[in-house]
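Notes for the one structure printed next.
The values are calculated or read from the model by the stated rules, or taken from the named source; none is laboratory data. Worth saying up front: this structure is predicted, and the values here are computed from it rather than measured. Cβ sites come from the backbone with ideal geometry, for glycine too, and all protein chains shown count toward neighbours.
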Amino acid sequence: MPAIVTVDSLEKTYADGFKALSGVSLDIEQGEVLALLGPNGAGKTTLISTICGLVQATGGSVRVDGHDIVTDYRKARALIGLVPQEITLEPFDKVINSVRFSRGLFGKPRDEAHIEKTLRQLSLWDKRNSRIMELSGGMKRRVLIAKALAHEPRILFLDEPTAGVDVELRRGMWETVAGLKNDGVTIILTTHYIEEAEAIADRVGVISKGRILLVEDKDTLMNRMGRKQLRIELHEPVSELPDELSEHDLELVDGGDALIYTYDTTGARTGITRLLSDLSEAGIVLRDIQTSQSSLEEIFVGLVQEENAA
């Protein structure tokens with residue numbers, strides 16, 4: 001798919017010398033859900049804020065559907081909806097008026113049908129005449145999304161959209177994102193919840209210390225970097241591994257009650273057949289065998305640790 005947002009060698013250095021972004025280049029494809037993962041201070045919010053024109057870059061460029069965010073700011077910004085981390089809403093305002101106001105800020109004509117569709121999509125229609133102060137935290141976040149969608153943007157940035165939201169509302173938010181994607185909206189979200197990226201993202205980007213470590217299709221990333229583990233429960237515990245098992249990548253765990261064998265899922269052979277044969281020859285009796293796939297969280301943590309060690 002063509003890129004709807006193109007970030008080229010983006011730099012941001014603050015007055016105190018802190019470098020928040022360092023040569024970030026990124027193509028965001030039209031219609032995708034891209035999850036940006038990174039620890040606190042990695043540069044996620046700075047990157048989003050710069051693309052949205054809220055922070056001025058000190059180097060590089062950003063184009064939104066061909067419009068430069070500096071020289072053609074209004075056209076670029078009109079294509080973007082932004083849901084910030086902080087809940088900044090007028091507490092005494094009614095939900096529907098707040099959303100109408102956001103549409104008017106972009107010079108859009110009044111469109112009650114679109115406002116109703118947006119509020120219904122976010123399960124807010126029944127709350128349309130409620131004051132913001134009467135809503136739960138999860139509902140307030142939905143109002144922020146409604147306000148961001150009021151002017152019919154083609155791109156939606158969600159900065160930690162489910163922070164502080166309970167599990168049920170979080171899953172509801174995932175369904176909302178899926179619905180927006182089906183409507184053709186390109187979605188970029190930052191998140192601390194690895195399972196969020198695993199559940200809804202098409203591609204995953206990892207950012208650390210203001211640098212993009214990688215951007216890759218989620219399934220491809222997990223296939224390429226993921227590992228599988230074979231957990232072997234033993235009938236009788238062993239205090240140490242026999243020498244004849246030294247060629248296998250084995251770890252003794254649970255006080256000798258189990259073995260962990262790690263192998264590459266992309267390899268031509270797993271080595272499991274040979275391992276089981278060698279275990280039998282060594283007189284080790286098995287009680288149970290289980291396999292597990294490494295999660296996106298483990299992959300993410302490993303990448304960040306490698307970057308910090310560099």
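What the table below lists for this structure:
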quantity: Among the residues listed as S61, S102, S136, the single one being small (G, A, S) and farther than 30 Å from K12 by Cβ; calculated: S136
quantity: Residue check for K140: among the charged types (D, E, K, R) and under 26 Å from K75 (Cβ atoms); calculated: no
quantity: Filter result (exposed (fewer than 14 other Cβ atoms within 10 Å of the Cβ) and acidic (D, E)) within segment 9-33; calculated: D16
quantity: Selection status of V83, crowded, with 18+ Cβ neighbours inside 10 Å, under 20 Å from L10 (Cβ atoms), assigned by TED's automatic domain parsing to the domain that holds S130 and under 22 Å from the mean Cα position of the chain (by Cα); calculated: no
quantity: Hits in segment 24-48 - residues which are modelled with pLDDT of 95 or more and small (G, A, S); calculated: S25
quantity: Segment 85-127 - residue that is in a helix (DSSP H, G or I) and among the aromatic types (F, W, Y) and, of those, nearest to Y193 (Cα to Cα); calculated: W125
quantity: Residue list for segment 121-139, restricted to those being closer than 14 Å to N97 by Cα and surrounded by 19 or more Cβ atoms within 10 Å (Cβ to Cβ); calculated: L124, K127, I132
quantity: Selection status of G179, surrounded by fewer than 18 Cβ atoms within 10 Å (Cβ to Cβ), touching a helix residue (DSSP H, G or I) at 6+ places or on another chain (Cβ under 9 Å) and not charged (D, E, K, R); calculated: yes
quantity: Condition check for R287: modelled with pLDDT of 80 or more, in contact with a strand residue (DSSP E or B) (Cβ under 9 Å, 6 or more places away or on another chain) and not acidic (D, E); calculated: yes
quantity: Unique match (being in contact with a Gly (Cβ under 9 Å, 6 or more places away or on another chain), of a type in the set (V, I, T) and over 25 Å from V177 (Cα atoms)) among V62, V24, V55; calculated: V24
quantity: Yes/no for A199 being closer than 23 Å to L47 by Cβ, in a helix (DSSP H, G or I), within 16 Å of the chain's Cα centre (by Cα) and assigned by TED's automatic domain parsing to the domain that holds I115; calculated: yes
quantity: Set R171, R142: member being buried (at least 19 other Cβ atoms within 10 Å of the Cβ) and basic (K, R); calculated: R142
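Residue-by-condition table, conditions (1) more than 24 Å from E195 (Cα to Cα); (2) of a type in the set (V, I, T); (3) touching a residue at least 40 places away in the same chain (Cβ under 8 Å); (4) not assigned by TED's automatic domain parsing to the domain that holds V62:
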residue	(1), (2), (3), (4)
S9	yes, no, yes, no
A15	yes, no, no, no
E32	no, no, yes, no
L47	no, no, yes, no
